[in-house]
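Below is one structure, written out as structure tokens; the observations come after it.
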Amino acid sequence: MSEPEEPRAAGDEDDSVTAGGAGGAGGGTRDGHRAAVALLPAVRADDPHLADAARHPRRVEAIVGLCFLVGIAGVAAFGGAFVENADTQVLAGTLFVGLFFLGFGLTAWGKYLMPQGPFVEERHPLESSARDRQAMAAALVERTGIVVKRRKLLGGLLATGLGIFGIVAAFPLLRSLGPKPGSTLFKTNWKKGSLLVDYYGKPVHRTDMQVGGLLTVFPEGKESTLTAQAVDQAVLIRVQSTTLVTMKGRGDWSPDGYVCYSKVCTHLGCPVGLYEQELELLVCPCHQSMFDVRDGAFPVFGPAPRPLPQLPIYVDSEGFLRAREGFDQPVGPGFWERTTEGNGKASAT
Amino acid sequence: MALTDSQPRTRREARRKLGPYGRVQQAINELDERVGIAKGGRSLLDKIFPDHWSFMLGEIALYSFVVLVATGIFLTLYYVPSSAQVVYHGVYKPLDGQRMSEAYESTIDISFAVRAGLLMRQVHHWAADVFVGSIVVHMARIFFTGAFRKPRELNWTIGITLLILAILNGFIGYSLPDDLISGTGIRIAYSILLSIPFVGTYLAFFLFGGAYPGHIILERFYIVHVLILPLIIIGLIGAHLGLLVRQKHTQFPGRGRTEHNVVGSPLFPQFAAKTTGFMLMVTGVLGVLGGFAQINPIWQFGPYEPTKISYAVQPDWYMGFLDGALRIMPSWEFTAWGHTIPWEVFLPAVVFPGLIFNICLAWPMIERRFTGDYEIHNLLDRPRDRPKRTAAGAAMIALLFTVFAASSTDVLANYFHLSLNAVLWFFRIAVVVAPILAGLVTWRVCIEMQRVPGAVQRKRAMIVSRTPEGEYVAVPAEPRPGDEQLELEPEPVPLRIELEPEPVGASATTAPTDEPGVRRVTR
Ligand code: HEM
Ligand code: FES
């Protein structure tokens, strides 16, 4: 049973009176636990910050009391506001008044009505003696030596077992989280003959768009699933310029001034959603990469490293736009397995 | 011992059995007999907290985390982590008939249909921003005062880990509503994963359960955001504070303060009162921010669709430095031997933050390398007394601030009517120049400040008055007590505290003993 009050030696009291923190005269630390001694008046008048409070404790009490009353009113009002399903601002206002004033009062109570030291506490070195350290090291090293070294085979078997478990555990924890990438990143749903449809699944006719117009298109049948949209999305633009620069071999990819590019930014995959009509630039709002629509969507500004892949299109016998083929390269940002194919710079033909 | 013997027969006896401190004593007795808490407990109540204001920064972090947990639990009651598509027919009419994920629908419902839901959502978001912010400022105080030196390197490391986890969890939480802006953020995160050489595509596919966007990512983010990361953070905060109690606080040098003591207020009751009050105030302020300062109005952005994009794509502030780094990086993609390394992404979004955080983690070691200082330090440095460290810190802040500001190149270009190209090049140059300049200037200022005599002395107030003739004269004010005596001498922690404050005069006499063993101290 611990004594409620410690029997105290006369010497301690003297310590407390002289109370020099520096040498640690106060707060005797017999057998490691604190036995502090002094009883102080609540607030010290010799601290310039606290002198007023020390002289007029009643005044401080009144202020703290007032804070608490306002706080009580606030939290009660918050309750009322909640029951009434009041506006967010009312809820927030009452909550603020309640908590802030309760908190402010409590802080003031702690600061102005409770004895303010400064109080001192001794710091004892955390480290053990050299002997203790050695004893621990010895225990570890010697015991391991005795137990393990003589039975190397057993230790080896155990280590093998745990090691295998570690590798095996990686399967449920890591491998089964998702499929291997395989060729997924190289593919879209565009293929030979895919009809270009808009967001609502309506096919695009050659007469549908004004010069200067822009439309987001998908391969027919895939316009409504998010995962398909994410890779298939393409922009169809009817360019104004008569001087379309195309890459070698792309001469017939843009019938009637229609060009179609992947809408996935080659920087980080944001949809290239802005079209600067006059300059005929596609702009990615994420990091301002700009792609020149007249020049094979070559990046003319910003961090995007590659042109937007172009979708070869043609006008079928009924006047609807269709893909000649899929994209000739993966769409979107770069990745390790991506090959260099189709990366050439657009060149005038 | 027979039971009946210990059975009290009279009330008086019962009271005596409780001991002089009544039920509290009894509870402590019961506990102590089983787990032995009295000695350590008393010691904990006496733990000294330094009174300097800068020690409050960590508390802001702690209390905003408490608010995050509380509001977060509220949100879990209504949020639906599902990317299943539904058609909206709820109370918010402008979105009526739109296709959206259940996650977005439930977040709209929290904002408009759940009682106090919008308040909780916005307070949660504000608390996250304040949480990360206060950790950063707290970390700056630890850094510039050298509180990370031996023996506190481990706590510094835990702190940085907390910062990283806080940023990560902030980003993941931001993604949960599945609105247009956050969805774009997820898309960018996926592309950043793709950019990692060798393993990037595998990492991305494993995390997303296949190609982007798939239909599992919100569910995975959800469990990470509400359970896994918070548990780790709670554990680390526990370790952080546990180490703090074991190693005790650092303190600024001053009268009566040495390497071998701590001067301040004891945990109970002074610090407990002040800090509990502070917690309530922090909560109140976060509440008022959440109620009056709109944050992340997802109903304006619309639901996420991979083909749509909002013009104002802005992440939360603590992701700004990544966004800025991505913007000012030139488009250096490397392709050879049938492989691609997208340096324009990998460098700014993976290598750069990796370097920054690793430098931070290793800083105590790096500094030790240079100073050869392997001593234990409990007294803090004044930043001006360590010009090189302070300069290094200032350079780091300048670097991060520059890349952060670079995340708004487009806004700046619009606002100042400059070409985007000019702004871009300004930041590319600034990112090199600003840190060097900031470091040099800071170093110089520190050296100058060391030379100012009496820099530690408190300034005497001057009273400026106007004479009837219209002349102004400045007279030094009466010296106040604190002017001569910068700091009070510390006292040992009191055994008991008297409830009624003494009038000033009364305590100035020699103390009579009220009770054996208790003395009033004269000052
Ligand atoms: C979840 C985030 C964090 C919380 C809740 C937290 C909380 C605290 C609190 C309440 C203290 C008490 C002293 C003070 O307020 O200064 C403290 C001390 C400390 N913190 Fe943190 N902190 C966090 C993050 C960090 C970070 C990011 C660092 C540094 C990179 C850090 C390094 C330290 C160190 C070294 C101490 C002990 C130093 C001393 O006593 O002066 N903490 N922390
Ligand atoms: S994602 Fe298009 S510029 Fe970055």
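The values are calculated or read from the model by the stated rules, or taken from the named source; none is laboratory data. Computed from a predicted model, the values in this text were never measured in an experiment. Quick reminder, even Gly has a Cβ in these numbers, built from the backbone with ideal geometry, and neighbours come from all protein chains shown.
For the stretch B:181-215, filtering for residues that are more than 8 Å from chain A (Cβ to nearest Cβ) and in contact (Cβ under 8 Å) with a residue 24 or more places away in the chain leaves 5.
Would you pick out the residues in the stretch B:99-125 that are in a helix (DSSP H, G or I) and polar (S, T, N, Q)? Give the derivation first.
Keep residues of the stretch B:99-125 that are in a helix (DSSP H, G or I), which gives B:102-112, B:117-125.
Matches in the stretch B:99-125: B:Ser106, B:Thr107, B:Ser111, B:Gln122.
From A:Val283, A:Val264, A:Val239, A:Val315, which residue is within 14 Å of chain B (Cβ to nearest Cβ) and surrounded by fewer than 23 Cβ atoms within 10 Å (Cβ to Cβ)? Reasoning before the result, please.
Numbers: A:Val264 fails: surrounded by fewer than 23 Cβ atoms within 10 Å (Cβ to Cβ); A:Val239 fails: within 14 Å of chain B (Cβ to nearest Cβ); A:Val315 fails: within 14 Å of chain B (Cβ to nearest Cβ).
The unique qualifying residue is A:Val283.
Within this structure, B:Ala140 fails the test of being away from every other protein chain (no Cβ under 13 Å), assigned to a loop (DSSP other than H, G, I, E, B) and within 14 Å of ligand 1 (Cβ to nearest atom). For the stretch B:187-204, which positions are within 13 Å of ligand 2 (Cβ to nearest atom) and either in a helix (DSSP H, G or I) or at positive phi (or both)? Within the stretch B:187-204, B:Arg187, B:Ile188, B:Ala189, B:Tyr190, B:Ser191, B:Ile192, B:Leu194 meet the criteria.
Looking only at the stretch A:81-100, count how many residues are surrounded by fewer than 20 Cβ atoms within 10 Å (Cβ to Cβ) and not hydrophobic (A, V, I, L, M, F, W, C). Give the steps one after another, and end with the answer.
The initial filter retains those residues of the stretch A:81-100 that are surrounded by fewer than 20 Cβ atoms within 10 Å (Cβ to Cβ), namely A:82-87, A:89-90.
Remaining after also requiring not hydrophobic (A, V, I, L, M, F, W, C): A:84-85, A:87, A:89.
The qualifying residues number 4.
Taken over the stretch B:417-462, the criterion of being closer than 30 Å to B:Val473 by Cβ and either modelled with pLDDT of 95 or more or within 14 Å of another protein chain (Cβ to nearest Cβ) (or both) is satisfied by B:Arg458, B:Lys459, B:Arg460, B:Ala461. Checked against (1) on the phi > 0 side of the Ramachandran plot; (2) within 14 Å of another protein chain (Cβ to nearest Cβ); (3) surrounded by 22 or more Cβ atoms within 10 Å (Cβ to Cβ), A:Gln288 passes all but condition (3). Cβ-Cβ distances below 6 Å connect the following pairs, each with a first residue in the stretch B:382-395 that is touching a residue at least 60 places away in the same chain (Cβ under 8 Å), a second residue that is among the polar types (S, T, N, Q), and a separation of six or more residues or different chains: B:Pro383/B:Thr390; B:Arg384/B:Gln450; B:Thr390/B:Thr442.
Among the residues of the stretch B:228-248, are any in contact with a strand residue (DSSP E or B) (Cβ under 7 Å, 6 or more places away or on another chain), at the interface with another protein chain (Cβ under 9 Å from one of its Cβ atoms) and outside any helix (DSSP H, G or I)? Yes, the stretch B:228-248 contains at least one residue that is in contact with a strand residue (DSSP E or B) (Cβ under 7 Å, 6 or more places away or on another chain), at the interface with another protein chain (Cβ under 9 Å from one of its Cβ atoms) and outside any helix (DSSP H, G or I). Of all residues in the stretch B:290-307, those satisfying the criterion of being over 13 Å from B:Gln122 (Cβ atoms) and touching a helix residue (DSSP H, G or I) at 6+ places or on another chain (Cβ under 6 Å) are B:Phe301, B:Gly302, B:Pro303, B:Tyr304, B:Pro306, B:Thr307.
Filtered by the rule that a residue be in contact with a Leu (Cβ under 8 Å, 6 or more places away or on another chain) and at pLDDT 90 or above, the stretch B:21-37 gives a lone residue, B:Ile37. Scanning for something within 16 Å of ligand 2 (Cβ to nearest atom), of a type outside the set (S, T, N, Q) and touching a strand residue (DSSP E or B) at 6+ places or on another chain (Cβ under 9 Å), does the stretch B:309-317 turn up at least one residue? The answer is yes, given that some residue of the stretch B:309-317 is within 16 Å of ligand 2 (Cβ to nearest atom), of a type outside the set (S, T, N, Q) and touching a strand residue (DSSP E or B) at 6+ places or on another chain (Cβ under 9 Å). Counting only helices (runs of 4 or more DSSP H) wholly contained in the stretch B:259-352, the ones carrying 2 or more residues that are surrounded by 23 or more Cβ atoms within 10 Å (Cβ to Cβ), free of Cβ contacts under 8 Å to residues at least 24 places away in the same chain and facing chain A (nearest Cβ under 7 Å) occupy B:272-292.
Scanning the stretch B:156-193 for residues that are within 14 Å of the chain's Cα centre (by Cα) and near ligand 1 (Cβ under 10 Å from one of its atoms) returns B:Trp156, B:Ile158, B:Gly159, B:Ile160, B:Thr161, B:Leu162, B:Leu163, B:Ile164, B:Leu165, B:Ala166. For the stretch A:209-274, the strands (runs of 3 or more DSSP E) that sit wholly inside it and include 2 or more residues that are modelled with pLDDT of 90 or more, within 16 Å of ligand 2 (Cβ to nearest atom) and in contact with a Leu (Cβ under 9 Å, 6 or more places away or on another chain) are A:234-238, A:258-262. Taken across the stretch A:119-135, residues that are within 14 Å of another protein chain (Cβ to nearest Cβ) and among the small types (Gly, Ala, Ser) do occur, with at least one present.
Restricted to the stretch B:404-416, and to residues that are aliphatic (A, V, I, L, M) and within 12 Å of chain A (Cβ to nearest Cβ), which residue is surrounded by the most Cβ atoms within 10 Å (Cβ to Cβ)? Checking each candidate, the answer is B:Ala406. Condition check: within 16 Å of ligand 1 (Cβ to nearest atom) and in contact with a helix residue (DSSP H, G or I) (Cβ under 7 Å, 6 or more places away or on another chain). Does B:Phe49 satisfy that? Taking the combined requirement at face value, the residue satisfies it. Filtering A:Ala323, A:Ala304, A:Ala297 for residues that are crowded, with 19+ Cβ neighbours inside 10 Å, within 14 Å of ligand 2 (Cβ to nearest atom) and more than 8 Å from every other protein chain (Cβ to nearest Cβ) leaves a single hit, A:Ala297.
This table checks each residue for (1) among the polar types (S, T, N, Q); (2) at pLDDT 95 or above; (3) over 20 Å from B:Tyr304 (Cα atoms).
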position	(1), (2), (3)
B:Ile142	no, yes, yes
B:Glu153	no, yes, yes
B:Thr161	yes, yes, yes
B:Ile167	no, yes, yes
B:Ile172	no, yes, no
B:Asp179	no, no, no
B:Ser182	yes, no, no
B:Ser195	yes, no, yes
B:Phe198	no, no, yes
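Output the number of residues of the stretch B:67-81 satisfying the condition of being surrounded by fewer than 20 Cβ atoms within 10 Å (Cβ to Cβ) and within 13 Å of chain A (Cβ to nearest Cβ). Going through the stretch B:67-81 one residue at a time, the tally reaches 2.
From the residues in the stretch B:143-155 that are within 14 Å of chain A (Cβ to nearest Cβ) and either more than 7 Å from ligand 1 (Cβ to nearest atom) or in contact with an Asp or Glu (Cβ under 8 Å, 6 or more places away or on another chain) (or both), which one is nearest to B:Pro364 (Cα to Cα)?
Start the filter on the stretch B:143-155 by keeping residues that are within 14 Å of chain A (Cβ to nearest Cβ), which leaves B:150-155.
The next check asks that each one be either more than 7 Å from ligand 1 (Cβ to nearest atom) or in contact with an Asp or Glu (Cβ under 8 Å, 6 or more places away or on another chain) (or both); those that pass are B:150-151, B:153-154.
Numbers: B:Lys150: 8, B:Pro151: 10, B:Glu153: 6, B:Leu154: 9 Å.
The residue in question is B:Glu153.
Can you tell me which residue in the stretch B:164-180 is nearest to ligand 2 (Cβ to nearest atom), limited to those that are of a type in the set (A, V, I, L, M) and touching a residue at least 60 places away in the same chain (Cβ under 8 Å)? If you could, list the steps in order and put the result at the bottom.
The first filter runs over the stretch B:164-180 and keeps only residues of a type in the set (A, V, I, L, M), leaving B:164-168, B:172, B:176, B:180.
Now drop any that are not touching a residue at least 60 places away in the same chain (Cβ under 8 Å), which leaves B:164-168, B:176, B:180.
Working: B:Ile164: 24, B:Leu165: 26, B:Ala166: 25, B:Ile167: 20, B:Leu168: 21, B:Leu176: 22, B:Leu180: 15 Å.
Among those residues, the one meeting the criterion is B:Leu180.
Of all residues in the stretch A:80-118, those satisfying the criterion of being more than 18 Å from B:Gly117 (Cβ to Cβ), out of contact with any Gly (no Cβ under 8 Å at 6 or more places or on another chain) and within 8 Å of chain B (Cβ to nearest Cβ) are A:Lys111, A:Leu113, A:Met114, A:Pro115, A:Gln116.
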